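The structure under discussion appears below in the form of structure tokens.
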Amino acid sequence: MTAPTAVLLSAGLDSTVLAASEARSSRVHPVYVSTGLAWEQSELDALDRLLAQPPFAGHLAPLARLSFTVQDLYPPTHWALRGDAPGFDTPDADVYLTGRNIVLLSKAAIYCAQHGLSHIALGPLAGNPFPDATPEFFGTMAHALSLGLSHRIAIETPFATMDKGDVIRLGIELGVPLALTLSCMNPQNGLHCGQCSKCRERRDGFAEAGVADPTRYAAVPVR
């Protein structure tokens, strides 16, 4: 086994498969950072279901639930606080959450320093267009956090050359219950809304992987 790893886990497809992948060679410490966004309770409910199932049950450290609000940074009209998700064909640039990875990594790194962990893994994929998802950002952020905490922090992005279809195929190989993952900005009573851009990415990912989509959608995704 390699050194233990903190995995930023949201119950989404990418982070869930990442946790399963990392658990093959490392003791995984799942970390969820609540920031005050509208869909977080649905994600936490999904995490409860996921972590009680193979390949996770009994094989991961207990979930660390942290908080770092953005409610005093984003205006109250922000779609992510209201739960009014951008539409199905919205480009990625329009769903950017300013400083998202800065917030998540800062809080996770402090947790790691306090618990003797030196590795943080998160799941950005190839083609991620956001400024806080570049190799330069992650390398610089790891250096700054290591200096500021006087504790070595390495930030790892194992899926950075993969696309959604690759992740889904890996998840199937690892026995991840993909139907229990949640990748939606407007969940409806535990179901994917079927109308937001995250639902589009999910639907397209299963099509790209060449496997049936097991997701339950509240509304049929646009074709």
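The values are calculated or read from the model by the stated rules, or taken from the named source; none is laboratory data. Since the structure is predicted, the reported quantities are computational estimates derived from the model, not experimental observations. Every residue, glycine among them, receives a Cβ derived from its backbone with ideal geometry; neighbour counts consider all protein chains shown. With ligands, DNA and RNA removed, areas are computed over all heavy atoms of the protein, side chains included. Shrake-Rupley method; radii C 1.70, N 1.55, O 1.52, S 1.80 Å.
Data table
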read-out	value
Area of residue 143 that stays accessible when all protein chains are in place (1.4 Å probe, Å², to 10)	110
Shape metrics for the chain, restricted to C-alpha atoms - Rg then Dmax, Å	16.7, 51
Residues whose placed amide H lies under 5 Å from that of residue 191, excluding near-sequence neighbours	none
Percent of Cα-Cα distances greater than 19 Å, calculated over region 92-180	47
Segments 151-162, 175-186, 64-75 sorted - mean Cβ within 10 Å per residue, highest first	175-186, 151-162, 64-75
Convex hull projection area averaged over all views, region 141-202, Cα basis, nm²	6.5
Ratio Rg/Rh [Cα only; Rh per Kirkwood] for region 1-118	0.99
Net dipole in debye of the chain [+1 Lys, Arg Cβ; -1 Asp, Glu Cβ; about Cα centre; nearest 20]	420
Solvent exposure, largest accessible area first (probe 1.4 Å, DNA, RNA and ligands not counted), of 172, 120	172, 120
Electrostatic dipole magnitude of region 124-201 [Cβ: Lys, Arg +1; Asp, Glu -1; Cα centre; debye, to 20]	180
Solvent-accessible area per residue for region 1-84 (1.4 angstrom probe, square angstrom)	44
Whole-percent carbon and sulfur share, accessible surface of region 81-124, 1.4 Å	50
Positive-end extreme of charge dipole, the chain - chosen from 155, 38, 114 (charges on Cβ)	114
Charge dipole (debye, nearest 20) of region 10-87; +1 at Cβ of Lys and Arg, -1 at Cβ of Asp and Glu	240
Contact order normalised by residue count of region 1-77, Cα under 8 Å, 6+ apart, percent	34
Mean separation of Cα contacts under 8 Å, 6 or more apart, over the residue count of the chain: relative contact order %	25
Where the Cα pairs of region 109-148 fall when distances are cut into 10 Å bins, in %	26, 50, 23, 2
Expected 222 nm ellipticity per residue - DSSP helices of 4 or more, -39500 (n - 2.57), all of the chain, to 500	-11000 deg cm²/dmol
Surface accessible to a 1.4 Å probe, per residue, for the residues of region 101-223, Å²	46
